[in-house]
Structures are given as structure tokens and as C-alpha cells.
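Enquirer: Below you'll find the structure I mean.
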């Protein structure tokens, strides 16, 4: 990088876009936000003023074309990722893109080819890798402290279902929600996933059935090294956001509990009572959003490969599509069947 | 019962036989042990003297034939269960039998028919139902405090593999070890299991492969009410006996941690350190062996059906055979396929 | 000992007497109970029959005089300890005595002299030393794993106040309840206590005030090695029996949580809920009663000094009397002031 | 306030000054920092540039005199608090001051009089009241969920002693370190403290003795409502910053554990291992620094009394002086003796 600070253009200032802008402006010293593309004008102006963003537009191409933009952050809807990434790569901009890259393997491969050809860096926002809990689990497993990994258990349950409108366009449970767990499964065990077996149900709300989706699922993964993983998902855990993993191996085990707003323990005649888990991803994963962005910026500054690549983005989607196929056909599906 | 105390004949005084004798003699006031059958003479005499058992024999038929024996406890090898139960039923003795009843569905059905015809009571020793932790989980789920159950997770890992000789005659992981988890799955969710999907590996010791067995497994169960369960097993958890369950439902979740010998927390420069789980079943399930026997005796005294029946014994074996078939054929297996 | 088993005479078969009889008869293989003295005839006969105790009497002297009694267990009221011990020592019987030995320093010194002169062994029943939690804390501190001890914190709160009648004859909070904590303070830090500072209040029930007693207290202890301890007591913790210690030193810290009947964790919309502590000493200290008796028997079999001596019995009472004096005079009291 | 944002002048940009500037600039939307006084020129310029602070000076009077400064934040050494506060009050500026206000009761009273006379608001930075753990404990006790408070236990141990130079000018353990606990004791129990009893030792490092100070202490507090509190302090807990409280009352108890960087649990053959507490106040109390400043700003915006007043600042110092006197004289000291 020529500049002393990485100059970012952000595309999309919805909920997650705001998180990235806040981190880039206020919490990371090596970055600044020089441009914002947002289709909703009032929102665009409000954010620009709040964060002193000099240039704004309703059209992302304007931002991508700006000569003082080093890298872009894509927080727009999934179906816009493909054209935006191709355009940004062609303009020589580095790219940080929200998950999933796309729902089509073919398009993701095109994305990866384009990025490679353009010589720009692409990082996919699997933020959970930067959650302090999961980061620590990864550190311990990577250091060999549990020996060879044999079993991984991932629990991932949302506090409440999204609105019906969101459900209809989400891509389905496996590609919208489990996709994070698929990446986690790849992050925590360093061996290729070879097979996916999935079961799903509608137990939470019939609205999922109407949308051709499921709300409760169990997935079993097979790894090349013999390890196995289970994932369990629900769209509604009434007690809050339930995000845990456990890795068991030949020399030990590591697991994590949920995060809570405080550590109080209250005892009365009825029992011992403690705090519920943090309610949802904005509270639970606050630090992970900062961490992933810092890692991206570091890869730009040091000219190294981003820690979560387009290949990682491809694999997670491939696993989601394999889970869909498994659910439909009632049998385990080899990952190589999905291409 | 005519007698004020239930008079027991015990068949087999190996490790688990001794546990039952200790409980019947010293910890339960409504019972006495009046006869012991044990093929090893020195062992038989030692135990008889220690517990003041008046009558002993190397032949179980002598014990079964004794007129002052109200009920027998069968702790002999699995392949002896079938003939002993038939003989005991024919003699009008009530029967408490270690798991599994047998490895053949046909023979178990014969057992259940014989017992029914004879009008005697049969209880199968799925002791874990009487572990205080699992008992509490059952109590909470049964009371509706988690609403409708959606997901069950069972972790069951032994501290170390059994000797090779044991492995060769164990009936295989699913019928020797997972069978307890199959019963737990039926105990904790009150709906018939309809399908079993199993994956297995040899990751702990090649000796399992030589024996045609596996040492690490993941099982997925489907219930008629839509709930799903996962079971994960390993023959070797170096940190001790890992026995946990978690039931998640529409209104909450309940889980348990492992039991430890003490509750100490030690902090030094290196970290915070606490006690490992109790090492194995003799320590962990001490109270459950007492509890199951008390429940059996209560069913005799009150002339009610034992809480764990021959039908429960049948179902667990059926699930084990389904898991074997699933493992072999690489597909989910309906329970009705096993008959 | 000539006999292969230690032959015990038990004096007093109230609540704690029954615990010792049960352990001596059913849980310890090196002992038998050959005689029981109990003033209430119906109680005496019931217990004798239940445990097959051959000889009983309403008069303890008869029991002490029995030639086949090797050792006596004293579970009668505190004011009877002094004469019984003197009589037993004179008869050459070993003695296991419930706490406190007496409330008078002078009489305790006489007891210790008599026992020494008679060459018999005396153990005082500070059972908590054999609780698995506190035993572990002791093991860790003794092994030097926390370095030099600096601070000890003892929390000891009963679930509910005793009956008024008991309060009136209890000897007061410090000699009835805190006495266990005084012994714990001596057990966990291996240095003489030199000073006691006590504050007390009536916050639970005015009945304590009427009895000239207190129900809530804080005590500060000073040790010769510079360490300090705090003790906090209440006669009523509505959430159950609260029994915890924490030792902090130059190289670390060790603490314990309370024991619970099970390890369940239940989560619903309202919070995370776990089990209350075990309700009172009969449940919490079950294993410690067994442990102390085994230790006493071991000292008899190996002819070594009992692990809790008459000197230990003396010191705990001395601390209690110092606490009383401190409370009355509103100042720290040196232990040497109490003689 | 006329301005839409509170305009702050900060005096002192050392470690804690930087924390406040960061919060005022980046994390609180209702504030801006318009001036900085810092005697070290390079430091002053660095901070001013980083946070875009328009006006800086080496002399705090210049900042106080600025017409566009609404409120000042005092982060300079303790002995400067008195003159700066008097000057700021005279200039009509609101004041947020680090603890302690001063070490002299007389000067603190003058401060409080001056502030009152000038009609400006003064808040003392007892940040721990805004720690999420202690805040929750306060919330629970205030809501009456533990009934009448009977016992409070505060543990407050630093990870490592400060440098010798700091020790020499710290004012001593009770006024430098325990002062936070004195305020906590007042925050958690809503009744005046009437008496202080203190014991202290040099167990960590002889350097404290050389400085006429102690490094380990136990304090007992008496409240007007009959409640009692214990505080234990150490200058060195090798396992990290140990900050816990426990409030016990007639209807229950509430306590907190320490905060950790993550929630991992690692099990191997040696034990179960979890993360150490966060190392020191900059990590542990991050959120509390934000919380206290937000509370101060809210009191300015709503023209209400700040939640931690000059009276609170006075009482904590009074308790520290009482503890010093108690330590010196070996007896409990009434708070009214200190004036």
C-alpha cells in the first residue's frame, strides 16, 4: 500500500455495514472510510455525516471507480456480490465481502478466477473465526493439545426466527445459517470435508414449511482424516443465542460455553440463577467483526493471503448445497458430487 | 410378596454382581441375598462369607430352584441370559437382568413372551436412568419445562478401551456401549425412535479393526414426533469418563456436566484448574445401581410393572442392530427394518 | 490390636450416633459394634436390632466396662463428655468423641492429661477435615501449590436456625457452630493462631437475643506466620447449607464451591438455573463421617497418633472462648489470654 | 446545556486520561473533547493529533478558562485535584475527577462547599460501580431480591505490585487501593458505615515495609443497619486481577466470578483447565470507564445530581483514614472519629 492508511469504500450501510464502518473509522487506526455507496439516500447521508465520510453515492460503481479507494467492503444483498466483485477486481480494488459469496458454485469459481487474474485480495467475512472463544479453541487444537481430532460438535441456535420476508429470500437454513457452522467445521479441523449427511424438520414455525425451508437441523460431516462432526441448528432458542463448539481428540478435549452480559450468580429458595447468553450476533460477535477486519487490513499491509479466502467461501457453499441434496435424497452426499 | 423382605438369588459375582450384592445386603433394607451362583469356587466362597450368604452353588439352576428365592439377579455373560431367564420364569421367579437381554431380536421376543406367560416381572438393568443427573433431566423434560423436545445430544465416551479379549466378545460398539445411549435416547424423549443413521471409525486402536469393530461413532436418531438426537461415542477419552446429555426444546434446554470427585478450583500462573470427571462407571454410576435396584424392589412390593421392561430391552437392541446395518450400508435405517 | 476387627461401644444413638453405627457396621470392614449405650430404651432396642448389636445398656458405664470393647464412640451431650472420657481412659479404652470435648479449657486439659496418662488414643470428631472438598484444599496447600498462605476465607452458613431449646443449651454460636470453622482454620493453615477478633449480630431471629446469643458473625484470625483469616457465619441461608473455603497465597489460590444433588443446568426465558447446595450436614458431610472414622481406626490399627487430637479439641474451644471475649469487649483478643 | 454536545476539557493524558478521551471522542455521541492540558509536550501533541483536539496547553488554567469548555475531566496527580477543582468551580465548569478527591478530609469538605456554592456538578470516578458485574449485584440487592443484607464480602487483589516510586507516593494501601472497595461497600449496602476494623501485613514485598506501607489486608466494616462487611486485599495475586463481591441477605445471596478473556474449557490427562481472570483494570474495567462517563454526561444533560458525588468521595477517604487509624491502634475505629 502506498498510503499510510488503507482507504475503504463501503457498499451497503445496513446493520452489518454500520458495524464495519464503525470499526474502520473508530477502532482501527490503519484504516479510513473515504466513500460510501448506499441506495437509501437518507440513510446514506446520515451515516456519512456521523462518520465524516467525504464521498457518497447511490451507485456502487462510482465508489469502485474512485482512484483514492484501496479496498471495498461489500455489505449489499447476496445477489449483488457477484457483479460487484467482478467489477471491483477489474478496477484493481481489494475486496472484503460478506458471506455467502454467491449461492452458485459456478459463479463463485468465476469470482475466484477473476480475483486471481486481477491480482487483488479477496476475504470472505466468516467473522466467527475471530470470536475470542472459537479463536482460542482453534489455537488449542492447532497447537496439538488435543492430539488428533476425532469428533467435533457444533451447536448453533438463533434466539428467534427472522421475519417471513427474510426467510423467503434467505437461500434456506443450510446456506443462510449453517453456512457459518460449515466454515467453523473447516476452521477447527484441518482436513478436507468429504461427505455431508443432513436431516431437517419444521418444528419452530410453519412459516418455514410454506417457504420450502426447515427450521431445525442435524448435520453429520466426514473428514478425510477420519474425524466426524455433528452440527445442530434451531431457528429459535428461547433462552438466547446458543453458540458452542467442542473438539474431542486423542489427547484431550476443548469446549466453550456461551458468553453472558455479566457473571452474577443469584441464589434464593428456588435455585441458583445466572445470566442468559448474550441475545444475538450483534452482541455476541462484536469483537469478531473487529478482528476479521484487522486481519484483512493486516493481509493488505503485509501483502499476504487473507486468512479467509475465496476458496473458503466456495467450500462453505458447496457444503450447504450438499446438505440440501442430502436432506432431499435422504442419504449422505459426497462433497465431490457438488460442482 | 409374602415375606417382609425380598429374598434374592444372585447369579454371577463379578464386578457388577458384587455391586448388586453390596446394595441388596447393606444399603437396601427391604432385601436380603439368600443364594449365590458363581462358577469360580474361590470367588463364590469369599463373597458368601463376606456378605453372610447362606446358600451357594456353582450351578445357577440350583439357585433358581430354591423355594426361598423370590427373585434373581442375572450378572452372568450375555449368552447365558436367554436360558437363565426362561428357566427362572418357568420357576416363577422375578428377574432383574443385566443389559443386553440378548443380541437376537427373536430370542428377546421369546424372553418377553415367557416372562409374560409366567406372570413374573422382568427388569432390564439400564442403570443410567437412575443416575441423579439424568434422572433430573428426565424430570425436567417430563414436566414440560423445555416444551416440546426438538434436539437431544448424548455424549458417551469411555476413559480407556477394554482388553482385546473383551472387545472380541462384546457384540460390537453399538450393542456393548451405545446400547446405554439408545436406552437414554428412549428415556429422555417420550416418542418412538423410527430411524437410525450411524457412522463409525477406528481412530483409537487398530485392535478394534482386527476385531471387526469400531471405536469412535456418531449416530443420528429420528423420532416419530419430529425430534432428532445425536450420539457421539469414543472408546478412549484420556480425561476420564465423559457422560453428558442435553435436551433442547421449544421452551428451553436442559443439560448436565460430568461428576467430579470434588469441587476444588485451583488458580496459579498457568491457569484455572479443576478436577477431572470421575474415572469410570463404578464411581460415576454408584448411586444409579442402588436406584435401579430400589426401583425393581418397589415394583415387586407394590406389584407394579418394573420401570425398565423387557420391551425396553428389546428396543435398545433393535436400535443397536439398526446402527450396525446403517454403518454397513451407509444409509439411514428404519427401525421397522430390524425384526 | 489383638482382634482382627476393632470392637466398638457406642454411647448415644441420636442422629450422629446412628451415622457412626451405620459406618462402623456396614461401610467399614475393620470394625464391628459390640455394644450400645442409649438412655431411651425404645430407641436403643430399635437400633440394636437393626444393626445386630449384641449388648445394650441404658448406662454407659456398663459399656465402658465391657472387656470386649476396644474403643468407644461418644455421641452423648457435651456436658457428659468429660466424665465419660475420664472413665473410658481409666478403663483403657480408645476414644472417639464428638466436638466439643467440653466448654471449659480446664476440663479439656484434664481430659488430655488423663488420656495421655492412660496411654489410650483420643480423636475429636472434626469431620469436615474429611470432606472431599476441604481435604483437597488441604492437599493442595500442604503440597505448597499456593506458596506461602496469606489469606483464608471461610464461609459457613446453616440453612435454618435450630430449635429454641437447642439454642439455649448450644454454648453459643462461636462454640457450637464456628468451632468447626476454627478447626478448619487450623487445618488449612499450618501455623498457630495468635489472635481472634469477632463481631456478632442478631439479624435472623430475636430468639437468639433472648438466649443471649447471636446468629450472624464475622471473625478475623491472625496467624503466627502473618497470614490472616476471615470467617463469616449465619444461622440462616435460605438457599441451603453454604460451606466454602478459599486459601490465597504467594503462588496461587484454591477454593471450593458447594456440593449439589446433581449437575443439571436448565435454561429458559428467565435465566439459567442450577441446583441449590445440599441442604444440611447429613447430606453434605456423609462421606466425611466415614472418612474420619476410617482415619481413627487406621490410627488404632497402626498404633499412630489420631489425626485430630485432644490438643486440636482444646485449641478450637480456646478460639471460641476468645471470640466470645472479643465480641464482649469489642477488641481483638490474643489466644494466650484464654487459659 | 446550550450546546447539543457536552464540550470537554481534559486535564492529564496519562493512562486513565487516554481512556476518558477515547470514550468521549469515539464511543459517546453526546460529547466532544475541545481542549487538553498535559504538561508533557510530546504526549500532548500526539494525543491532540490522534483525537483531533483543537486546543492544547501545558497549563490547566488555560483550559479551565476556555469559554467553550462545559466540563473538565481531571486525570492529574491527586495533589493537584484540590486547586484544580476550586479553580474549575470558580469558572463555572462541571467537574469529573479521578479518585481520591484528596487525602485530607478538610480539603474535601472545602471542595464540596466550593462546588455547591458555584452550582456546578462534581462526579468522583468510582468507575467500578459501572462494571457490569457489580452493577448487576447492585441491581439485584436494590430490588430486594436478597432481602435485608447481612453480610458483604469483597475480594480485591491486584495482579502485581506497582513500582516502588508509585508505592512511595500512593497514600498507602487503604487510600490507594482499598478506597475502591470502601466505595463498593457503600454502593452495595444502602446504610451508613459506622465503624472500621483493619489488619495489615507485609507479605508480598519488603519494599512496602520500607515505604511504611502494607501489601496485604483484611478490613471489617459495620453498618448502621447491622450488616457487616469483610474486605480482603493483596498487592499480588499471581493468577491475575481478582475482583469479586458477594452479598448475603435474609432472602438470598448474590455473587460474581471474575471476567476472563474467553470461556474455553480444556481437558487433558492432568485436569480441566480454563482461562485466568483478565489481567488488570484496563482490561477488566473497560466498560465501567465508559459507563461512568455516560452517567456523568446524562446528569449534565438532564440537570440531575451526578450518581457519585463529592460526599461519596469524602466518605471513601474517611473510611481509608479510619482503616489507617485502626491498623495503627489495633482496635475498631468509629467513622465519626475521623473528621
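The values are calculated or read from the model by the stated rules, or taken from the named source; none is laboratory data. Everything quoted here is computed from the prediction, not taken from an experiment. In this analysis, Cβ positions are derived from the backbone assuming ideal geometry, glycine residues included, and neighbour counts consider all displayed protein chains.
Enquirer: Regarding the range D:310-317, can at least one residue be identified that is over 16 Å from the mean Cα position of the chain (by Cα) and either over 29 Å from residue D:123 (Cβ atoms) or in a helix (DSSP H, G or I) (or both)? Let's see the steps before the verdict.
Expert: If we filter the range D:310-317 for residues that are over 16 Å from the mean Cα position of the chain (by Cα), which is where we start, we get none.
Checked against the condition, which is being over 16 Å from the mean Cα position of the chain (by Cα) and either over 29 Å from residue D:123 (Cβ atoms) or in a helix (DSSP H, G or I) (or both), the range D:310-317 yields no hits at all.
Enquirer: Under the condition of being surrounded by fewer than 21 Cβ atoms within 10 Å (Cβ to Cβ) and within 14 Å of chain B (Cβ to nearest Cβ), which residue from the range A:159-177 is nearest to residue A:211 (Cα to Cα)?
Expert: A:161
Enquirer: Let me ask something additional. Checking residue A:228 against (1) within 14 Å of chain C (Cβ to nearest Cβ); (2) out of contact with any helix residue (DSSP H, G or I) (no Cβ under 8 Å at 6 or more places or on another chain), which test does it fail?
Expert: Failing condition for residue A:228: (1).
Enquirer: Does residue B:182 qualify as being in contact (Cβ under 8 Å) with a residue 12 or more places away in the chain, surrounded by 23 or more Cβ atoms within 10 Å (Cβ to Cβ) and within 14 Å of chain C (Cβ to nearest Cβ)? Walk me through it before giving the result.
Expert: Numbers: in contact (Cβ under 8 Å) with a residue 12 or more places away in the chain: yes; surrounded by 23 or more Cβ atoms within 10 Å (Cβ to Cβ): yes; within 14 Å of chain C (Cβ to nearest Cβ): no.
It is false that residue B:182 is in contact (Cβ under 8 Å) with a residue 12 or more places away in the chain, surrounded by 23 or more Cβ atoms within 10 Å (Cβ to Cβ) and within 14 Å of chain C (Cβ to nearest Cβ).
Enquirer: Considering every residue within the range B:210-223, establish whether at least one is over 23 Å from residue B:334 (Cβ atoms), at the interface with another protein chain (Cβ under 10 Å from one of its Cβ atoms) and either modelled with pLDDT under 95 or part of a strand (DSSP E or B) (or both). Before you say what the answer is, go through the steps one by one.
Expert: To start, the set of residues in the range B:210-223 that are over 23 Å from residue B:334 (Cβ atoms) comprises B:210-213, B:215-216.
Adding the requirement that they be at the interface with another protein chain (Cβ under 10 Å from one of its Cβ atoms) leaves B:215-216.
From what's left, either modelled with pLDDT under 95 or part of a strand (DSSP E or B) (or both): B:216.
For the range B:210-223, residues over 23 Å from residue B:334 (Cβ atoms), at the interface with another protein chain (Cβ under 10 Å from one of its Cβ atoms) and either modelled with pLDDT under 95 or part of a strand (DSSP E or B) (or both): present.
Enquirer: Give just the number: which of (1) closer than 23 Å to residue C:111 by Cα; (2) surrounded by fewer than 19 Cβ atoms within 10 Å (Cβ to Cβ); (3) in contact with a strand residue (DSSP E or B) (Cβ under 7 Å, 6 or more places away or on another chain) does residue C:336 not satisfy?
Expert: Among (1) closer than 23 Å to residue C:111 by Cα; (2) surrounded by fewer than 19 Cβ atoms within 10 Å (Cβ to Cβ); (3) in contact with a strand residue (DSSP E or B) (Cβ under 7 Å, 6 or more places away or on another chain), the lone unmet condition for residue C:336 is (3).
Enquirer: Being surrounded by fewer than 24 Cβ atoms within 10 Å (Cβ to Cβ), under 24 Å from the mean Cα position of the chain (by Cα) and touching a residue at least 60 places away in the same chain (Cβ under 8 Å) narrows it down to one of A:259, A:225, A:233, so name that one. First the steps, then the outcome.
Expert: Working: A:225 fails: under 24 Å from the mean Cα position of the chain (by Cα); A:233 fails: surrounded by fewer than 24 Cβ atoms within 10 Å (Cβ to Cβ).
After applying the criteria, what remains is A:259.
Enquirer: Of these, C:45, C:22, which one is over 20 Å from the mean Cα position of the chain (by Cα) and part of a helix (DSSP H, G or I)? So that I can check it myself, show each step before the final result.
Expert: Values: C:22 fails: over 20 Å from the mean Cα position of the chain (by Cα).
Matching residue, one of C:45, C:22: C:45.
Enquirer: Next up: Looking at the range B:107-118, is at least one residue touching a strand residue (DSSP E or B) at 6+ places or on another chain (Cβ under 6 Å) and either over 20 Å from residue B:179 (Cβ atoms) or away from chain C (no Cβ under 14 Å) (or both)?
Expert: Of all residues in the range B:107-118, those touching a strand residue (DSSP E or B) at 6+ places or on another chain (Cβ under 6 Å) come to B:115.
Within this subset, residues satisfying the condition of being either over 20 Å from residue B:179 (Cβ atoms) or away from chain C (no Cβ under 14 Å) (or both) are B:115.
The answer is yes; a qualifying residue exists.
Enquirer: Spot the failing condition for residue A:57; the list is (1) in contact (Cβ under 8 Å) with a residue 24 or more places away in the chain; (2) surrounded by fewer than 22 Cβ atoms within 10 Å (Cβ to Cβ), and only one is missed.
Expert: Unmet for residue A:57, out of (1) in contact (Cβ under 8 Å) with a residue 24 or more places away in the chain; (2) surrounded by fewer than 22 Cβ atoms within 10 Å (Cβ to Cβ): (1).
Enquirer: Going by the structure shown, is residue B:42 in contact with a helix residue (DSSP H, G or I) (Cβ under 9 Å, 6 or more places away or on another chain) and surrounded by fewer than 20 Cβ atoms within 10 Å (Cβ to Cβ)? Break it down stepwise before answering.
Expert: Working: in contact with a helix residue (DSSP H, G or I) (Cβ under 9 Å, 6 or more places away or on another chain): no; surrounded by fewer than 20 Cβ atoms within 10 Å (Cβ to Cβ): yes.
Criteria not met by residue B:42.
Enquirer: Hey, residue A:300 hits all of (1) closer than 29 Å to residue A:241 by Cβ; (2) in a helix (DSSP H, G or I); (3) not assigned by TED's automatic domain parsing to the domain that holds residue A:193 but one; which does it fall short on?
Expert: Single failed check for residue A:300: (1).
Enquirer: More than 29 Å from residue C:204 (Cα to Cα), surrounded by fewer than 20 Cβ atoms within 10 Å (Cβ to Cβ) and away from chain B (no Cβ under 14 Å) - does that describe any residue in the range C:275-286? Show your work before the answer.
Expert: Here is the first cut: in the range C:275-286, the residues more than 29 Å from residue C:204 (Cα to Cα) are none.
There is no residue in the range C:275-286 that is more than 29 Å from residue C:204 (Cα to Cα), surrounded by fewer than 20 Cβ atoms within 10 Å (Cβ to Cβ) and away from chain B (no Cβ under 14 Å).
Enquirer: On the basis of being modelled with pLDDT of 95 or more, crowded, with 22+ Cβ neighbours inside 10 Å and out of contact with any helix residue (DSSP H, G or I) (no Cβ under 6 Å at 6 or more places or on another chain), does residue B:297 make the cut?
Expert: yes
Enquirer: If you go through the range A:231-273 one residue at a time, how many are facing chain D (nearest Cβ under 10 Å) and outside any strand (DSSP E or B)?
Expert: Total meeting the criteria: 10.
Enquirer: Here is a follow-up. Which condition breaks for residue B:206 when tested against (1) surrounded by fewer than 18 Cβ atoms within 10 Å (Cβ to Cβ); (2) within 14 Å of chain C (Cβ to nearest Cβ); (3) free of Cβ contacts under 8 Å to residues at least 12 places away in the same chain?
Expert: Going through (1) surrounded by fewer than 18 Cβ atoms within 10 Å (Cβ to Cβ); (2) within 14 Å of chain C (Cβ to nearest Cβ); (3) free of Cβ contacts under 8 Å to residues at least 12 places away in the same chain one by one, residue B:206 breaks only (2).
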